[in-house]
Amino acid sequence: MPCLLEAYSDWKEENMESRLPNARNRIVECFFSAIAVYFEPCYARACNIYAKLLSTLVLNDDTYDAYGTYEELQYFTDAIQRFDIGIMDELPTNYLKLVYETILNIHNEAEDKMRKEGRSYAISYAINEFKKLAEACFAERRWVHRSYVPTFDEYMDTAMTSSAGLVSVCQALIGMEEADETAYQWLINTDNKLHKTVNKIARLYDDLSTNEECVNGEIKAEEKRGLVCGTSCYMKQYGVTRQEAVEAYREMIEVAWKDMNEACLKPMPVSNKIAVRALNVARLVLVLYKKDDGFTRPELSLKDAIAKVLIHPIPL
């Protein structure tokens with residue numbers, strides 16, 4: 001597992017855990033996620049690049065959901081749209097400056113590798129989707145700031161993007177030599193059913209894991225932080241109970257998987273090697289969120305899965 005060791009060493013060497021105390025340290029979980037998308041040995045380099053880029057999604061999520069104030073996030077969102085290290089000093093806090101610098105450095109590292117191969121476009125597509133992700137996350141924080149609960153349809157228009165499903169697939173393709181510019185254009189096409197479905201699956205599973213009532217009766221984590229909950233929006237629009245909203249979510253997930261299967265079976269302008277990465281991202285979401293929020297609380301169930309794959313794998 002040299003790429004895991006490299007990523008972990010980089011994180012430790014930069015003393016990121018103490019410098020970013022409010023961010024989840026999820027290097028192992030990011031690597032586990034990357035090998036779920038790239039399990040083939042021939043894609044070891046792509047897996048390494050993807051694991052590091054996934055850590056930027058964790059940083060972004062923690063910044064918008066748990067740390068940044070509304071006023072601070074206005075500056076941060078504007079900075080992400082510009083994606084220029086030269087404007088870092090315009091950010092209001094040292095913590096945001098460090099988060100911003102880390103996100104840019106990880107992307108720049110990947111871009112340096114791609115430039116040597118004439119594939120800088122891969123980073124450009126991923127960055128463009130990252131910018132859309134930041135805008136969607138800020139839109140959700142704006143709802144909170146204004147004490148506004150949107151309808152479910154309005155919520156999904158934004159939350160599909162904030163699910164990070166599509167940007168994750170874009171990141172996954174960066175280290176894959178077969179992923180030419182045609183593959184990226186196909187992926188980001190809004191008429192692409194696979195494009196829509198990977199975002200929907202990511203959003204629905206995430207909402208269920210964070211919004212369902214805990215067995216012990218605790219207030220749901222999202223609501224503790226005052227964030228808008230998808231099931232609450234569904235309840236508002238359709239006048240149903242929370243349990244009925246949860247059941248509706250499960251039905252939508254079933255339909256989304258049927259759509260994913262249909263999209264994968266239809267002829268596509270890209271090779272199956274490309275399309276399967278989007279499918280694998282959706283499969284990964286199922287693993288991460290089927291029982292609970294595996295990324296936030298990996299000790300509940302994800303820890304066992306990681307141990308089985310990385311520490312006690314099936315001997316060949």
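The values are calculated or read from the model by the stated rules, or taken from the named source; none is laboratory data. Quick caveat: nothing in here was measured; it's all calculated off a predicted structure. All Cβ positions, even for glycine, are placed from backbone atoms using ideal geometry, and neighbour counts span all protein chains on display. Surface accessibility is based on the protein's heavy atoms, side chains included, excluding ligands, DNA and RNA. Shrake-Rupley method; radii C 1.70, N 1.55, O 1.52, S 1.80 Å.
Scanning region 86-113 for residues that are of a type in the set (A, V, I, L, M) and over 14 Å from Thr56 (Cα atoms) yields Ile87, Met88, Leu91. From the list Tyr38, Tyr67, the lone residue that is of a type outside the set (Lys, Arg), open to solvent by 20 Å² or more (accessible area, probe 1.4 Å) and in contact (Cβ under 8 Å) with a residue 24 or more places away in the chain is Tyr67. A count restricted to region 162-198 and to residues that are open to solvent by 50 Å² or more (accessible area, probe 1.4 Å), in a helix (DSSP H, G or I) and either at positive phi or of a type in the set (S, T, N, Q) (or both) stands at 2.
Of all the residues that make up region 24-41, how many are among the hydroxyl-bearing types (Ser, Thr, Tyr) and part of a helix (DSSP H, G or I)? It would help to see each step written out before you state the result.
Quick first cut of region 24-41, residues among the hydroxyl-bearing types (Ser, Thr, Tyr) only: 33, 38.
Subset that is part of a helix (DSSP H, G or I): 33.
Of the residues in that region, 1 qualify.
Report whether or not Leu208 is under 21 Å from Glu262 (Cβ atoms), assigned to a helix (DSSP H, G or I) and out of contact with any His (no Cβ under 6 Å at 6 or more places or on another chain).
Working: under 21 Å from Glu262 (Cβ atoms): no; assigned to a helix (DSSP H, G or I): yes; out of contact with any His (no Cβ under 6 Å at 6 or more places or on another chain): yes.
For Leu208, the condition - under 21 Å from Glu262 (Cβ atoms), assigned to a helix (DSSP H, G or I) and out of contact with any His (no Cβ under 6 Å at 6 or more places or on another chain) - is not met.
Can you say whether Val309 is over 20 Å from the mean Cα position of the chain (by Cα), closer than 30 Å to Asp153 by Cβ, of a type in the set (Val, Ile, Thr) and open to solvent by 30 Å² or more (accessible area, probe 1.4 Å), as far as the supplied structure shows? Reasoning before the result, please.
Working: over 20 Å from the mean Cα position of the chain (by Cα): yes; closer than 30 Å to Asp153 by Cβ: no; of a type in the set (Val, Ile, Thr): yes; open to solvent by 30 Å² or more (accessible area, probe 1.4 Å): yes.
Spelling it out, it is not the case that Val309 is over 20 Å from the mean Cα position of the chain (by Cα), closer than 30 Å to Asp153 by Cβ, of a type in the set (Val, Ile, Thr) and open to solvent by 30 Å² or more (accessible area, probe 1.4 Å).
Out of the residues in region 139-159 meeting the condition of being of a type in the set (A, V, I, L, M, F, W, C) and within 22 Å of Gly68 (Cβ to Cβ), tell me which one is least open to solvent (accessible area, probe 1.4 Å). Before you say what the answer is, go through the steps one by one.
Going through region 139-159, the residues of a type in the set (A, V, I, L, M, F, W, C) turn out to be 139, 143-144, 149, 152, 156, 159.
When the remaining residues are screened for being within 22 Å of Gly68 (Cβ to Cβ), the result is 139, 143-144, 149, 159.
Details: Ala139: 17, Trp143: 26, Val144: 42, Val149: 66, Ala159: 0 Å².
Ranking the qualifying residues of region 139-159, first place goes to Ala159.
Condition check: free of Cβ contacts under 8 Å to residues at least 24 places away in the same chain, small (Gly, Ala, Ser) and open to solvent by less than 20 Å² (accessible area, probe 1.4 Å). Does Ala79 satisfy that? For Ala79, the condition - free of Cβ contacts under 8 Å to residues at least 24 places away in the same chain, small (Gly, Ala, Ser) and open to solvent by less than 20 Å² (accessible area, probe 1.4 Å) - is met. What number goes with the only condition from (1) open to solvent by 50 Å² or more (accessible area, probe 1.4 Å); (2) more than 18 Å from the chain's Cα centre (by Cα); (3) among the hydroxyl-bearing types (Ser, Thr, Tyr) that Thr296 does not pass? So Thr296 meets the others, but not (2).
Look at region 50-61: where a residue is basic (Lys, Arg) and a partner is open to solvent by 10 Å² or more (accessible area, probe 1.4 Å) and assigned to a helix (DSSP H, G or I), sitting 6+ places away or on another chain with Cβ atoms under 7 Å, you get Lys52/Ala7; Lys52/Ile106.
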